[in-house]
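Below is one structure, written out as structure tokens; the observations come after it.
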Amino acid sequence: MADTTLAGAPELELEAPDGYELIDDQLKEKPMGAESDGINCLLLARLTEFVREHKLGRVFGAQTGYKCFPKKRKVRKPDTSFVASGRLKDNKPPKGDIDIVPDLIAEVVSPNDTYEDVASRVADFKAVSVKLIWVISPETRTVLVRRADGSCAELDETGTLSGEDVLPGFACPVAELFV
């Protein structure tokens, strides 16, 4: 994975280019394998259909960055994210990165991810109080569910992924993510 250092660059409004996150003044490549991307596409489709049908807000894919962290020069790009209605200015997405905390994020573990990469992304989003975080593992065919209150659960293929209080009524059998 390629890293490009921006240390010493003037304080600018930085946007992370497609396929990269901005972490500690470094552009860090965030590649996704085909299997992980396919799972993410299935989740995006299910979420988008549900959110649009119920007019709950906006769903975003892996190219959408978030600049909602205490460090101004940090941009994270979760694989999937959701922002509830009324939280974006005029209920429209900005042209560039989003500067508010998403309500939900999902990360699909890719063969290129290390444990530390995924744990760091999750920790950053937990630190800004994302209400619901899903970490999807193609290898174990499980979903780790982390909530803002600190509780968590692990679902296997017999479980059902729920939108809980973030997306009330949303349900997706975990097994359907891995077809």
- [ ] Determine whether region 81-95 contains at least one residue that is within 25 Å of Glu35 (Cα to Cα), in contact with a Ser or Thr (Cβ under 8 Å, 6 or more places away or on another chain) and of a type outside the set (D, E, K, R).
- [x] yes
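Based on this model, can you work out whether Tyr66 counts as crowded, with 16+ Cβ neighbours inside 10 Å, closer than 20 Å to Thr114 by Cβ, under 15 Å from the mean Cα position of the chain (by Cα) and not acidic (Asp, Glu)?
Values: crowded, with 16+ Cβ neighbours inside 10 Å: yes; closer than 20 Å to Thr114 by Cβ: no; under 15 Å from the mean Cα position of the chain (by Cα): yes; not acidic (Asp, Glu): yes.
When the stated conditions are applied, Tyr66 does not pass them.
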Open item on the list: Quick test for you: out of Val179, Val128, Val135, pick the one residue that is farther than 17 Å from Val51 by Cβ and at pLDDT below 95.
Closed with: Val179
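Table: residues versus (1) touching a His at 6+ places or on another chain (Cβ under 9 Å); (2) of a type in the set (D, E, K, R); (3) surrounded by 12 or more Cβ atoms within 10 Å (Cβ to Cβ); (4) within 25 Å of Gly19 (Cα to Cα).
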residue: Arg87; (1), (2), (3), (4): no, yes, yes, no
residue: Glu116; (1), (2), (3), (4): no, yes, no, yes
residue: Val122; (1), (2), (3), (4): no, no, yes, yes
residue: Leu132; (1), (2), (3), (4): no, no, yes, yes
residue: Leu155; (1), (2), (3), (4): no, no, yes, no
residue: Glu164; (1), (2), (3), (4): no, yes, yes, no
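Residues that are of a type in the set (A, V, I, L, M, F, W, C) and at pLDDT 95 or above: list the strands (runs of 3 or more DSSP E) wholly contained in region 1-103 that include at least 1 such residues.
Working: elements: 3-5, 20-23, 26-29, 57-60, 80-84.
Fully inside region 1-103 and qualifying: 57-60, 80-84.
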Task: Contacts under 8 angstrom Cβ, first residue in region 154-172 being polar (S, T, N, Q), partner part of a loop (DSSP other than H, G, I, E, B), 6 or more apart - done: Ser162/Phe170
Task: Those residues of region 37-61 which are more than 16 Å from the chain's Cα centre (by Cα), over 20 Å from Lys89 (Cα atoms) and buried (at least 17 other Cβ atoms within 10 Å of the Cβ), in sequence order - done: Phe50
TODO: State yes or no: is Phe82 closer than 20 Å to Ala123 by Cα and touching a residue at least 40 places away in the same chain (Cβ under 8 Å)?
DONE: yes
TODO: Please work out which one of (1) surrounded by fewer than 22 Cβ atoms within 10 Å (Cβ to Cβ); (2) touching a Ser or Thr at 6+ places or on another chain (Cβ under 9 Å); (3) of a type in the set (Asp, Glu) is the condition Glu107 fails and give its number.
DONE: (1)
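Would you call Asp149 within 25 Å of Tyr66 (Cα to Cα), buried (at least 18 other Cβ atoms within 10 Å of the Cβ) and among the acidic types (Asp, Glu)? It would help to see each step written out before you state the result.
Details: within 25 Å of Tyr66 (Cα to Cα): yes; buried (at least 18 other Cβ atoms within 10 Å of the Cβ): no; among the acidic types (Asp, Glu): yes.
So Asp149 fails the test.
The values are calculated or read from the model by the stated rules, or taken from the named source; none is laboratory data. Note that the structure is a prediction, hence the values are computed from the model and not measured. All Cβ positions, even for glycine, are placed from backbone atoms using ideal geometry, and neighbour counts span all protein chains on display.
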